[in-house]
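S.K.: Would you mind keeping the following structure in view while I ask a few things?
What follows draws every value from the coordinates through simple rules; no lab data is involved. None of the values given here were measured: they were computed from a predicted structure. Note that each Cβ is placed from the backbone with ideal geometry, even for glycine, and that neighbours are counted across all protein chains shown.
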Amino acid sequence: MTASPDCTTAVLPDGSATLAPADLIEVLGALEHAATLLRERAAAWCDDCTRHPAGACESHVEDLDQADAYAALAARLGGAR
């Protein structure tokens with residue numbers, strides 16, 4: 001995936017993608033927002049979290065894992081802050 005001032009958002013015949021700069025900014029913002037919401041949801045402990053030996057239920061651990069995956073994708077796209 002590339003982004004440059006003169007490109008438009010498109011999927012190329014080889015399956016690769018290009019993003020216009022404004023679209024890349026939008027995608028990075030969406031990834032950041034999604035990661036934040038998942039971390040907030042994981043921070044709201046449930047009854048299963050309090051009973052689990054690790055202190056977090058499987059669902060909340062999965063939320064944290066997905067948030068990390070979104071942050072890693074954003075970093076690969078050049079959006080690490």
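S.K.: Rounded to the nearest 10 degrees, what's the angle between the helix 58-76 long axis and the longest principal axis of the chain, both from Cα atoms, 0 to 90?
M.R.: 20
S.K.: Residue by residue, what Karplus-based ³J(HN,Hα) values in Hz, rounded to whole numbers, does region 22-32 have, using 6.51, -1.76 and 1.60 with θ = phi - 60° and x for Gly and Pro?
M.R.: Working through the residues one at a time gives 5, 5, 4, 4, 5, 5, 4, x, 5, 5, 5 Hz.
S.K.: Among Asp68, Asp47, which comes first, second and so on when ranked by fewest other beta-carbon atoms within 10 Å?
M.R.: Asp47, Asp68
S.K.: For the chain, what's the relative contact order in percent, using C-alpha pairs closer than 8 Å and at least 6 residues apart?
M.R.: Over the chain, the number comes to 25 percent.
S.K.: Follow-up. Quick check on the chain: helices-only [θ] at 222 nm, where DSSP H runs of length 4 and up contribute -39,500 (n - 2.57) each and the sum goes over total residues. Nearest 500, please.
M.R.: Estimated from H runs of four or more residues: -19000 deg cm²/dmol.
S.K.: Over 10 Å intervals from 0, what percent of Cα-Cα pairs in the chain sits in each interval?
M.R.: Over the chain, the share of Cα pairs per 10 Å bin runs 19, 35, 24, 15, 8, 0 percent.
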